[in-house]
Amino acid sequence: MEQNVENVRAPPKSLLQSDDLYQYILETSVYPREPEFLKELRHVTASHPRAMMATAPDAGQLMAMLLNLVNAKKTVEVGVFTGYSLLLTALTIPEDGKIIAIDVNRETFEIGLPIIKKAGVADKIDFIESEALPVLDQLLQNNFIGRNGAKCKKGT
C-alpha cells in the first residue's frame with residue numbers, strides 16, 4: 001500500500017521534537033560551556049559540504065562527561081572527519097593521555113589540525129590514515145586495547 005508522501009514526517013534531528021526547544025538548550029546550556037577551540041572548529045566545519053557528519057556539541061559534552069566518569073587515559077576514535085570529538089577528547093583526557101585516531105581521509109582531518117595544534121593537544125593524537133579494521137586488529141595484537149575493551153597494557 002502506497003503512503004502519501006506529504007504525510008510522511010521527517011525524523012527529528014534530536015530526541016527533542018521541537019527545533020525551537022533544541023536551539024534554546026544549545027544557546028543557554030551547551031554553547032556557553034563549549035571551550036573556545038571547539039567553538040572555532042565547529043564554525044570552521046560548518047562550511048564543509050558534509051558538515052552534518054560532525055559531532056553535535058551537545059553530544060560532545062556528554063562524551064566529555066563520560067570520559068571524565070571513567071577516567072579515560074587512552075582512547076581510540078574511528079572516524080575523525082574534521083576532528084571535533086577528537087579535539088574534545090584530547091582536551092578532556094589527562095596530559096599524558098593518548099588517542100589513536102583512525103580515518104580513511106586525512107584531508108578532512110587537516111581542516112581541524114591547525115586548531116588542534118593551537119589548543120596544544122596535538123601530541124596526544126596518533127592519526128592513522130587507514131580502514132579501521134586492520135588497525136584495530138593490530139591494536140588488539142599489541143595489547144593496546146583488551147579483547148573486552150578493558151585496560152590498556154602498552155602502546156603501539
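The values are calculated or read from the model by the stated rules, or taken from the named source; none is laboratory data. Treat the numbers as computed from the prediction; the structure is a model and nothing was measured. To get the accessible areas, we keep the full protein, side chains included, count just its heavy atoms, and leave off ligands, DNA and RNA. Shrake-Rupley method; radii C 1.70, N 1.55, O 1.52, S 1.80 Å.
For this structure, a couple of remarks:
- Heavy-atom SASA rank of 127, 37, 109 (probe 1.4 Å, accessible area, largest first): 37, 127, 109
- Across segment 114-120, coupling constants 3J(HN,Hα) worked out from phi with the 6.51/-1.76/1.60 Karplus curve, θ = phi - 60°, read x, 6, 4, 5, 4, 6, x Hz, and Gly and Pro carry x.
- Computed 3J(HN,Hα) for segment 71-85, one whole-Hz value per residue from the Karplus formula 6.51 cos²θ - 1.76 cosθ + 1.60 where θ = phi - 60°, is 6, 4, 10, 10, 9, 10, 10, 9, x, 9, 6, 8, x, 4, 6, glycine and proline marked x.
- Karplus-derived HN-Hα couplings along segment 125-132 (A = 6.51, B = -1.76, C = 1.60, θ = phi - 60°), whole Hz, x at Gly and Pro: 10, 10, 7, 10, 7, 5, 5, 6
- Other-chain or far-sequence residues with amide H under 5 Å of residue 75's (modelled H): 98, 99, 100
- Between residue 30 and residue 141, the contour length at 0.36 nm per residue exceeds the alpha carbon distance by 36.0 nm.
- Under 5 Å between amide hydrogens, built in the peptide plane, is the criterion, and for residue 127 it picks out 101 among residues at least 5 positions away or on other chains.
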